[in-house]
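Here's the structure we're looking at; comments come further down.
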């Protein structure tokens, strides 16, 4: 990563792992292991990328994973199709935690852990039926709660540093919503649009991260880019060009949380598009000149 990128308004991400993923997703930096966790949904794989050694360790998840989050007691939680499972990253052993989805037309998609250690995860229909999906919250006692309905493609989730706002992406709306967030109960209210993806930018919002300045970093499916936005005004402050058309998720990592890792997908691309973006499905990184915040651990006993 060259230092010259740091203060540029428009940056270009560099390929760090030529993963050739069908649907790379779910990037999250493990705060203590210092590794980037990411998934290939369609290949049913969990990847652990160590930038210090450039080694990428692979686990088969059996079912399509929608997201991955670290667990306080060790290991990770995976939302896989209709289930929540714990994976032991030493042995690869999978343990069923909950099976809350009963509609075979739906699967789990993106998710994150909130500031109090609850696991939030959304769904989508395989045929992307409008309004068929939802957003759920799994509390630390493993109880499952539907928080939003009439969602289409549930995606990025982040919380503000003061623990008063949750930001959320339902991709086809081409917006980021803000909700008042009650950290004590996990309740959300007063949903409103805080960012609209400008037509000139293109693409649809997918995964999302937040930096220490409270700005949102949004992966754009179909636009070969990540944008940094000011919540509230929606102003685009920075753009990262990515040598992959379908950009799917973002996570701050590295020793100082100053590297933005970016996943991508090859799914849904024509031969001509793949020729134009041959690195699609790769893992990319850039130093954007700001730092992210550490990922939260699921705090339940599992």
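The values are calculated or read from the model by the stated rules, or taken from the named source; none is laboratory data. Note that the structure is a prediction, hence the values are computed from the model and not measured. Neighbour counts are summed over all protein chains in view; Cβ atoms, including those assigned to glycine, are modelled from backbone coordinates with ideal geometry.
Which ones in the stretch 53-87 are more than 13 Å from residue 298 (Cα to Cα) and assigned to a loop (DSSP other than H, G, I, E, B)?
Listed by number, the residues that qualify are 53, 54, 61, 62, 63, 64, 81, 82.
Just to check your reading of the model, which residue among 75, 92 is modelled with pLDDT of 95 or more, at positive phi and either surrounded by fewer than 19 Cβ atoms within 10 Å (Cβ to Cβ) or touching a strand residue (DSSP E or B) at 6+ places or on another chain (Cβ under 7 Å) (or both)? So that I can check it myself, show each step before the final result.
Working: 92 fails: modelled with pLDDT of 95 or more.
Step by step, each of 75, 92 is checked, and only 75 is modelled with pLDDT of 95 or more, at positive phi and either surrounded by fewer than 19 Cβ atoms within 10 Å (Cβ to Cβ) or touching a strand residue (DSSP E or B) at 6+ places or on another chain (Cβ under 7 Å) (or both).
Please go through the stretch 188-217 and give me each residue that is without any contact (Cβ under 8 Å) to a residue 40 or more places away in the chain and in a loop (DSSP other than H, G, I, E, B), ordered by number.
Listed by number, the residues that qualify are 197, 198, 199, 200, 201, 202.
Just the residues that are more than 18 Å from residue 44 (Cα to Cα) and either in a loop (DSSP other than H, G, I, E, B) or free of Cβ contacts under 8 Å to residues at least 40 places away in the same chain (or both), please, taken from the stretch 102-119.
Selection gives 102, 103, 114, 115, 116, 117, 118.
Just to check your reading of the model, which residue among 302, 188 is surrounded by 16 or more Cβ atoms within 10 Å (Cβ to Cβ), at pLDDT below 95 and either over 19 Å from the mean Cα position of the chain (by Cα) or on the phi > 0 side of the Ramachandran plot (or both)?
Numbers: 188 fails: at pLDDT below 95.
Being surrounded by 16 or more Cβ atoms within 10 Å (Cβ to Cβ), at pLDDT below 95 and either over 19 Å from the mean Cα position of the chain (by Cα) or on the phi > 0 side of the Ramachandran plot (or both) holds for just one of 302, 188, which is 302.
Do we find that residue 172 is surrounded by fewer than 24 Cβ atoms within 10 Å (Cβ to Cβ), closer than 27 Å to residue 234 by Cβ and in contact (Cβ under 8 Å) with a residue 24 or more places away in the chain in this structure? Walk me through how you get there before you give the answer.
Working: surrounded by fewer than 24 Cβ atoms within 10 Å (Cβ to Cβ): yes; closer than 27 Å to residue 234 by Cβ: yes; in contact (Cβ under 8 Å) with a residue 24 or more places away in the chain: yes.
Against the criterion (surrounded by fewer than 24 Cβ atoms within 10 Å (Cβ to Cβ), closer than 27 Å to residue 234 by Cβ and in contact (Cβ under 8 Å) with a residue 24 or more places away in the chain), residue 172 qualifies.
Taking residue 139, is it within 14 Å of residue 297 (Cα to Cα), surrounded by fewer than 19 Cβ atoms within 10 Å (Cβ to Cβ) and modelled with pLDDT of 95 or more?
Numbers: within 14 Å of residue 297 (Cα to Cα): yes; surrounded by fewer than 19 Cβ atoms within 10 Å (Cβ to Cβ): yes; modelled with pLDDT of 95 or more: yes.
Answer is yes for this residue.
Out of the stretch 15-29, which residues are part of a strand (DSSP E or B), surrounded by 20 or more Cβ atoms within 10 Å (Cβ to Cβ) and either modelled with pLDDT under 95 or on the phi < 0 side of the Ramachandran plot (or both)? Lay out the reasoning, then the answer.
First pass over the stretch 15-29, keeping only residues part of a strand (DSSP E or B): 15-17, 23-29.
With surrounded by 20 or more Cβ atoms within 10 Å (Cβ to Cβ) added as a condition, the list becomes 16-17, 23-29.
Result: 16, 17, 23, 24, 25, 27, 28, 29.
Taking the stretch 230-244, which residues are touching a residue at least 12 places away in the same chain (Cβ under 8 Å), farther than 14 Å from residue 19 by Cβ and more than 17 Å from the chain's Cα centre (by Cα)? Break it down stepwise before answering.
To start, the set of residues in the stretch 230-244 that are touching a residue at least 12 places away in the same chain (Cβ under 8 Å) comprises 230-232, 234, 236-244.
Add one more test, that the residue is farther than 14 Å from residue 19 by Cβ, and what stays is 230-232, 234, 236-241.
Of everything in the stretch 230-244, those that are touching a residue at least 12 places away in the same chain (Cβ under 8 Å), farther than 14 Å from residue 19 by Cβ and more than 17 Å from the chain's Cα centre (by Cα) turn out to be 230, 231, 232, 234, 236, 237, 238, 239, 241.
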